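Laboratory data are not the source of any read-out in this text; all were calculated from the coordinates shown. Bear in mind the structure is a predicted one, so any value in this text is a computation, not a measurement. Positions of Cβ are generated from backbone atoms using ideal geometry, with glycine treated the same way; all protein chains shown enter the neighbour counts.
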Amino acid sequence: MAKGAWTLGEYPLPMVRVSCAKCGRAGQYHRAKLLERYGADMAMPELRHELAQCSRRRTMNDPCMVIFSDRIERT
């Protein structure tokens, strides 16, 4: 777990889905392909922003609202 967050290597689903209620963007990515590109140690919060490539990423007054669409609870 990277800084209290899951890493891509720990993510349990075969697809990683993201969406943004603010701009309507949505996408899904094969976890295996993401592992090849970013590696198993990529923190999921950081991956979310890498996938979104949103210009609001570091804007505090109008932040990017990208989230992971699938809800998963750690057991």
Fewest first, what order do T59, T7 take by the number of other Cβ atoms within 10 Å?
T59, T7
In nm, what is the difference between 0.36 nm times the number of residues separating T59 and R17 and their Cα-Cα distance?
12.8 nm
Per the 1/(1 + (r/R0)^6) rule, R0 = 35 Å and r from the Cβ atoms of E50 and E73, FRET efficiency to 0.05 is 0.90
Hz values of 3J(HN,Hα) by residue in the stretch 23-40 - Karplus curve (6.51, -1.76, 1.60), Gly and Pro given as x:
10, x, 5, 8, x, 9, 9, 5, 4, 4, 5, 5, 4, 4, 7, 10, x, 5
In a Gaussian network model of the chain with springs linking alpha carbons closer than 10 Å, the residue among M15, M44, M60 that fluctuates most is M60
Which residues' amide hydrogens lie under 5 Å from the amide hydrogen of D70, considering only partners 5 or more residues apart or on another chain, with H built in the peptide plane?
R17
Going through the stretch 22-75, which GluC sites (Glu not before Pro) have at most 13 other Cβ atoms within 10 Å and a DSSP loop state?
E73
